[in-house]
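The values are calculated or read from the model by the stated rules, or taken from the named source; none is laboratory data. Predicted model, so just to flag it, every value in this text is computed and none were measured. Using ideal geometry, Cβ is built from the backbone for each residue, glycine included, and neighbour counts are taken over all protein chains shown.
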Amino acid sequence: MFPTPIEKTSRNWQLTYQAMLPAALVLWLLPLLAVALFSIKPDADFTSGNYWGVPSSFNFLENYGKVFFASDMPKYLLNSVLITVPTVIGCVILSSMTGFALGVYKFKANLWVFFMFVAGNFVPFQILMVPVRDLTLDMGLYNTKIGLVLFHVAFQTGFCTLFMRNFIRALPFELIEAARVEGVAEWRIFWFVVLPLMKPALAAMSVLIFTFIWNDFFWAVVLTQGAESQPVTAGITSFNAQYRAAYHLMSAGSIVAALPPVAMFFLMQRHFIAGLTLGAVK
Amino acid sequence: MSSPTKARTQRSWYKRNEIAVTPWLFLAPGVVAFLLYVIFPIFQSINISFYEWDGLGEAYWVGLSNYEELYWDDAFYVSLRNNLIWLVLYLLAIPAGLAIALFLNQTVTGIRLYKSLFFFPFVISQVVVGLVFSWFYDPSFGLLNQILGVVGLGPINVLGDERFVTYGIIAAGIWPQTAYCMILYLTGLNAVDPEQIEAARLDGAKGLRMLWHVIIPQLKPATFIAFVVTIIGALRSFDLISIMTGGGPFGESRVLSFYMFEVALSEYGFRMGYGAAIAVVLFLIMLCFIAYFLYSMYQDDKGGR
């Protein structure tokens with residue numbers, strides 16, 4: 001193990017390390033801790049200039065209550081859910097199929113199709129912006145959640161195909177060959193042999209896509225406007241405009257907007273990290 | 001007499017070609033969606049860049065004049081310069097991530113929680129990171145200036161000063177990116193071969209020499225991915241700029257992706273053609289990296305099945 005395990009070092013260094021850990025963490029998360037502190041302060045603290053002192057009262061419930069009951073925030077959150085969840089489902093369906101096709105079959109165009117997905121996935125969003133917005137307008141889906149979902153599913157299929165294909169390639173190929181020898185139809189091999197083995201990869205991928213899509217800002221701005229279809233990343237700017245200079249509410253709003261992916265991360269940590277670091281180890 | 005034969009040939013055509021046809025059936029929905037929303041739009045954008053178009057009315061063919069205008073456009077060069085600064089400075093996230101990973105690669109109690117909390121910034125949306133950092137930088141009450149005040153340095157308006165603004169935003173972007181690189185390296189360090197480390201220790205290698213000659217070569221796959229995601233992240237920068245400064249002050253914090261959006265879709269006008277031309281330039285820059293990434297993956301893939 002590198003660096004030298006802490007239990008094999010001097011007592012002094014062990015104690016220093018134990019003390020450095022929390023200090024480094026506080027320093028690392030300082031900007032976030034500041035926002036967390038803001039979000040429980042009462043309005044009066046800001047007008048009296050008490051930005052960084054001890055809160056004069058603990059206003060957690062008041063501030064977060066206002067975010068949930070006196071603003072459009074719940075609407076934005078619901079929009080985000082209604083955009084993110086269908087996108088995840090769509091990606092899982094499309095990419096388990098494309099990943100299966102590219103991971104199991106040998107055919108001439110295989111690598112080319114695969115590279116198309118990979119290359120497209122790296123493309124800057126701006127080169128797609130004008131035509132995609134146009135396409136969405138033409139389909140009458142501008143400023144709808146479904147318009148955003150369709151684009152996200154299509155675009156994320158690039159990343160997901162890369163992910164699934166690499167995973168399927170690492171599966172033991174003998175399983176598929178054995179099934180073929182038995183005369184099992186190809187689609188049944190997909191459904192009964194490969195799909196059950198893909199479960200961990202699909203879980204990892206779903207958590208990642210959930211986070212990516214929840215945190216998307218650019219496409220939300222390009223393809224939607226207004227509280228009826230905007231997700232929370234785009235909605236937070238209108239929220240902040242509504243509560244200009246009310247830092248306690250803006251802070252509480254930001255924390256609420258950031259929370260779902262954070263919760264997802266802590267609940268599904270193993271899958272999340274497995275997905276994110278796929279390929280980091282050979 | 002003919003009908004059973006026909007039925008058999010029909011069934012057997014599919015059976016005979018099952019292995020050839022099935023992958024295309026499975027690929028069809030994904031490929032169609034991807035072509036429609038990603039591949040075709042790239043070519044459409046290239047095409048639009050030769051037109052003058054407001055997005056609604058008639059589009060006029062103007063040849064290369066959008067690119068000519070770009071050539072004389074100061075704002076374009078400011079954006080391009082900032083893009084380069086982003087690219088170079090963003091790469092700092094890789095050594096920073098490695099440093100934190102080395103710091104956290106221990107087995108003391110509670111280390112798992114520490115690792116998750118260090119990773120935390122990556123999970124938060126860039127919009128929130130942008131908001132958090134713009135308050136952090138705030139000249140009147142921001143924490144940064146409070147700290148600087150203690151040391152005796154005057155308040156700096158990071159986001160209002162054209163000298164600092166791009167660096168201020170990049171610092172905000174490096175924060176989650178470092179967390180990402182850290183998690184890549186933590187996973188990589190987990191898989192480093194302990195026997196090689198022991199052997200190197202017996203040979204008297206330790207500290208930085210060990211890191212450089214034994215550990216980093218084994219972390220190569222993690223470094224490659226960190227490099228890919230960091231380059232992409234740097235060139236995709238849009239959210240932070242949009243949230244923190246809106247390109248200001250005086251357009252000094254623009255990058256190509258933001259400038260393109262501003263030209264094509266903001267109150268400054270709906271110049272789709274000109275915007276598309278900017279996007280094409282950004283795309284060409286990215287294409288160099290994409291070609292390199294694909295080449296590396298291809299080299300890798302030849303070893304596999």
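Under the condition of being facing chain B (nearest Cβ under 10 Å) and more than 16 Å from the chain's Cα centre (by Cα), which residue from the range A:213-234 is farthest from B:I124 (Cα to Cα)?
Only one residue fits best here, namely A:V222.
Applying the selection to the range B:246-305, what residues are surrounded by 13 or more Cβ atoms within 10 Å (Cβ to Cβ), assigned to a loop (DSSP other than H, G, I, E, B) and modelled with pLDDT under 85?
Scanning the range B:246-305 gives a single hit, B:G248.
Here is a check on your reading of the model: is A:G158 facing another protein chain (nearest Cβ under 7 Å) and closer than 19 Å to A:P86 by Cα? Please lay out each step first, then the result.
Details: facing another protein chain (nearest Cβ under 7 Å): yes; closer than 19 Å to A:P86 by Cα: yes.
Considered against the rule, which asks whether it is facing another protein chain (nearest Cβ under 7 Å) and closer than 19 Å to A:P86 by Cα, A:G158 comes out as yes.
Residue-wise test of (1) surrounded by fewer than 22 Cβ atoms within 10 Å (Cβ to Cβ); (2) acidic (D, E); (3) closer than 19 Å to A:S206 by Cβ.
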{"position": "A:T233", "(1), (2), (3)": "no, no, no"}
{"position": "A:Q242", "(1), (2), (3)": "yes, no, no"}
{"position": "A:A245", "(1), (2), (3)": "yes, no, no"}
{"position": "A:H248", "(1), (2), (3)": "no, no, no"}
{"position": "A:G253", "(1), (2), (3)": "no, no, no"}
{"position": "A:V256", "(1), (2), (3)": "no, no, no"}
{"position": "A:F266", "(1), (2), (3)": "yes, no, yes"}
{"position": "A:R270", "(1), (2), (3)": "yes, no, yes"}
{"position": "A:A274", "(1), (2), (3)": "yes, no, yes"}
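Evaluate the following for A:S71: is it more than 10 Å from every other protein chain (Cβ to nearest Cβ) and among the polar types (S, T, N, Q)?
Working: more than 10 Å from every other protein chain (Cβ to nearest Cβ): yes; among the polar types (S, T, N, Q): yes.
The answer is yes for A:S71.
Residues in the range A:235-274 that are in contact (Cβ under 8 Å) with a residue 40 or more places away in the chain, away from chain B (no Cβ under 11 Å) and outside any loop (DSSP other than H, G, I, E, B): how many?
6
Scan (1) part of a helix (DSSP H, G or I); (2) at the interface with another protein chain (Cβ under 7 Å from one of its Cβ atoms); (3) not hydroxyl-bearing (S, T, Y) for the single condition A:D134 breaks and write down its number.
(2)
Going by the structure shown, is B:V150 surrounded by 22 or more Cβ atoms within 10 Å (Cβ to Cβ), at pLDDT below 95 and part of a helix (DSSP H, G or I)?
In short, no.
Kindly provide the set of residues from the range A:91-124 that are more than 7 Å from chain B (Cβ to nearest Cβ) and buried (at least 19 other Cβ atoms within 10 Å of the Cβ), ordered by number.
Correct list: A:C91, A:V92, A:S96, A:G99, A:L102, A:G103, A:V104, A:F114, A:N121.
Could you list, in sequence order, all residues of the range B:182-208 that are surrounded by fewer than 12 Cβ atoms within 10 Å (Cβ to Cβ) and under 28 Å from A:W28 (Cα atoms)?
Result: B:G207, B:L208.
If you take the residues in the range B:263-295 that are under 21 Å from B:F50 (Cβ atoms) and small (G, A, S), which one is farthest from the other protein chains (Cβ to nearest Cβ)?
It comes out as B:G269.
Is it the case, given these coordinates, that B:L235 is under 18 Å from the mean Cα position of the chain (by Cα) and part of a helix (DSSP H, G or I)? Quick ask: steps written out before the conclusion?
Values: under 18 Å from the mean Cα position of the chain (by Cα): yes; part of a helix (DSSP H, G or I): yes.
Yes, satisfied.
Within the range B:249-263, track down each residue that is in contact (Cβ under 8 Å) with a residue 60 or more places away in the chain and of a type in the set (A, V, I, L, M).
B:V255, B:L256
If A:A178 satisfies every condition in (1) in a helix (DSSP H, G or I); (2) in contact (Cβ under 8 Å) with a residue 12 or more places away in the chain but one, which is the exception?
Here A:A178 clears every test but (2).
If you go through the range A:1-18, how many residues are outside any helix (DSSP H, G or I) and not aromatic (F, W, Y)? Give the derivation first.
Let us first name the residues in the range A:1-18 that are outside any helix (DSSP H, G or I), namely A:1-5, A:9-10.
Then keep just the ones that are not aromatic (F, W, Y); that gives A:1, A:3-5, A:9-10.
So the count comes out to 6.
Here is a yes/no grid of residues against (1) buried (at least 18 other Cβ atoms within 10 Å of the Cβ); (2) under 30 Å from A:R169 (Cα atoms); (3) in contact with an Asp or Glu (Cβ under 7 Å, 6 or more places away or on another chain):
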| position | (1), (2), (3) |
| --- | --- |
| A:A24 | no, no, no |
| A:W28 | yes, no, no |
| A:L33 | no, no, no |
| A:A36 | no, no, no |
| A:F60 | no, no, no |
| A:G65 | no, no, no |
| A:S71 | yes, no, no |
| A:V85 | no, yes, no |
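If you take just the helices (runs of 4 or more DSSP H) that sit entirely in the range A:23-118, which of them hold at least 3 residues that are farther than 20 Å from B:V123 by Cα? Outline the logic, then answer.
On the way: elements: A:30-39, A:43-47, A:60-69, A:73-104.
Because the criterion is at least 3 residues that are farther than 20 Å from B:V123 by Cα, the helices (runs of 4 or more DSSP H) in the range A:23-118 that meet it are A:43-47, A:60-69, A:73-104.
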